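Written out below as structure tokens is the structure these notes cover.
The values are calculated or read from the model by the stated rules, or taken from the named source; none is laboratory data. Since the structure is predicted, the reported quantities are computational estimates derived from the model, not experimental observations. Here the Cβ positions follow ideal geometry from the backbone for every residue, glycine too, while neighbour counts run over all protein chains shown.
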Amino acid sequence: MKTDSRIIISIDKQFYSENDEIRIHVWFNHEFYTYATLTILSPTGITIDSAGLKTDTKTTETFAFTCGGPLMFENGYYTIRVQCENVISENMFEYYNSKNRFKSKL
């Protein structure tokens, strides 16, 4: 997990299950000249969702994401990655769905 103090990522809790909504808060502590990209990655690195974020300094951007669906077929730790220019920050959350327990992994 990468952390850079120029981009701060926070979430309201660390464990989620099917249909839970994640509120991802991103604080930009640096003046960037391009938009940032927020990406949610599965435990095996598959991109689940991606969005562009404005990078106004000293401003919090909030992104809402609902867990579940066909792409979230793995239980485990998912990565939230925010990248802008050459700066990357990451945070993780655990996702569990009892329907995934017996399904094969990629």
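Miscellaneous remarks
- Subset of the range 14-40 (residues that are closer than 16 Å to GLY69 by Cα, among the acidic types (Asp, Glu) and over 15 Å from the mean Cα position of the chain (by Cα)): GLU18
- Among (1) over 12 Å from the mean Cα position of the chain (by Cα); (2) touching a residue at least 12 places away in the same chain (Cβ under 8 Å), the one test that ASN86 misses: (2)
Quick grid of which residues meet (1) modelled with pLDDT under 95; (2) not hydroxyl-bearing (Ser, Thr, Tyr):
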{"position": "LEU38", "(1), (2)": "no, yes"}
{"position": "LYS54", "(1), (2)": "yes, yes"}
{"position": "ILE80", "(1), (2)": "no, yes"}
{"position": "SER89", "(1), (2)": "no, no"}
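- Residue pairs whose Cβ atoms lie under 8 Å apart, separated by 6 or more positions or on different chains, with the first residue in the range 31-51 and farther than 20 Å from VAL87 by Cβ and the second of a type in the set (Lys, Arg) and part of a loop (DSSP other than H, G, I, E, B), are THR44/LYS105.
Residues are listed down the side, and each one gets a yes or a no for (1) under 15 Å from ASP4 (Cβ atoms); (2) modelled with pLDDT of 90 or more; (3) of a type in the set (A, V, I, L, M, F, W, C):
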| residue | (1), (2), (3) |
| --- | --- |
| PHE32 | yes, yes, yes |
| GLY69 | no, no, no |
| TYR77 | no, yes, no |
| CYS84 | yes, yes, yes |
| ASN100 | no, no, no |
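- As a summary of the residue check, PHE28 satisfies the conditions (1) modelled with pLDDT of 90 or more; (2) of a type in the set (Phe, Trp, Tyr); (3) more than 17 Å from SER5 (Cα to Cα) except for the one numbered (3).
- LEU71 of a type in the set (A, V, I, L, M), within 16 Å of LYS99 (Cα to Cα) and touching a strand residue (DSSP E or B) at 6+ places or on another chain (Cβ under 7 Å): yes
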